[in-house]
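A quick write-up on the structure given underneath.
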């Protein structure tokens, strides 16, 4: 079985049609309600994937849904003895194989942050783990990033293959697909015939050029000491986030943000327990039952967001940065706060004070 295939550009729909008959497929496409621009949606015949620019939303919700039911419950009264009540609990989870086509390297890298938190250590999130294990990624080589991209600044790059099952390289006339894992190899034959030598050579050239790109100038990897050194510099943090609206959109579009809340909802003695995305940028997120809030203002909340990604997380997880450099928080911020500037100036001012 060949580990490579070529998909003619005008036959992409037919290839995805064949694939979707075997496995549920997600692709970047225009939002059906127009709210988010390009987001990852379940593929349906006739859908036109958007592969020429980065999606507004990452495929995070494919593995970590924006809202999911963790369990359903029901209290059942005994008709012969109303004082007696039985409790029925359904915590079953149906997980189907999924195939994400057209993700970017930064999208896939974002799940590494989730993996450390949800699948390692003494407590494992079975909901995330099962869905993660059942999802394959066909990742697109990034030919050119935009002004908000900075994947190289956090130790990645436009040709990063880590976490991908298939590698999709745009060339003249179509896409060369290469299997990077045994799971990915199973689906290559559904996508197209083997590429020609010229097509393979063209793909290698694109990959080599992408690997040489430096996307993002500042090196933000070792920022933890700088953050600690200026943690109490309230004037600095005030100058960085004075225009912040506290809307939380930066956390919702971020591939590495995993905050959530759990609620029980229902009526008539039955209901369900839901997990929904939450945001550390919301004032209620850290509000305690006593009424005390350890992060009462947007200054503390944004400082925590930066500190978590570039200091707390790498200190806990062997230097791993909880940021993939996708730039979505920069593009989506209504007041154009640039996290690169915040972290870089943090380092520069810390060095100047040393």
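Throughout, read-outs are computed from the coordinates displayed, never taken from laboratory work. Since this is a predicted model, take the numbers as computed values, not measurements. Backbone-built Cβ (ideal geometry, glycine too); neighbour counts: all protein chains shown.
Quick notes on this structure:
- Legend: calculated FRET efficiency, residue 93 to residue 232, from the Cβ-Cβ distance at R0 = 51 Å, rounded to 0.05, equals 0.70.
- Using a Förster distance of 41 Å, the FRET efficiency for residue 212-residue 287 (Cβ separation, nearest 0.05): 0.25
- Residues residue 239 and residue 36, FRET efficiency given R0 of 30 Å [Cβ-Cβ distance, rounded to 0.05]: 0.45
- Placing pseudo-labels 7 Å out from each Cα toward the beta carbon at residue 21 and residue 198 gives an inter-label distance of 3.1 nm.
- Between residue 335 and residue 189, the distance separating the two model label sites (each 7 Å from Cα on the Cα→Cβ line) works out to 5.8 nm.
- Compactness of the chain was expressed as the Cα radius of gyration divided by 2.2 N^0.38 Å, which yields 1.11.
- Each DSSP beta bridge with both residues in the chain is either parallel or antiparallel, and the antiparallel ones are about 80%.
- Inter-probe distance in nm under a simple model that places probes 7 Å from Cα toward Cβ, at residue 265 and residue 221: 4.3 nm
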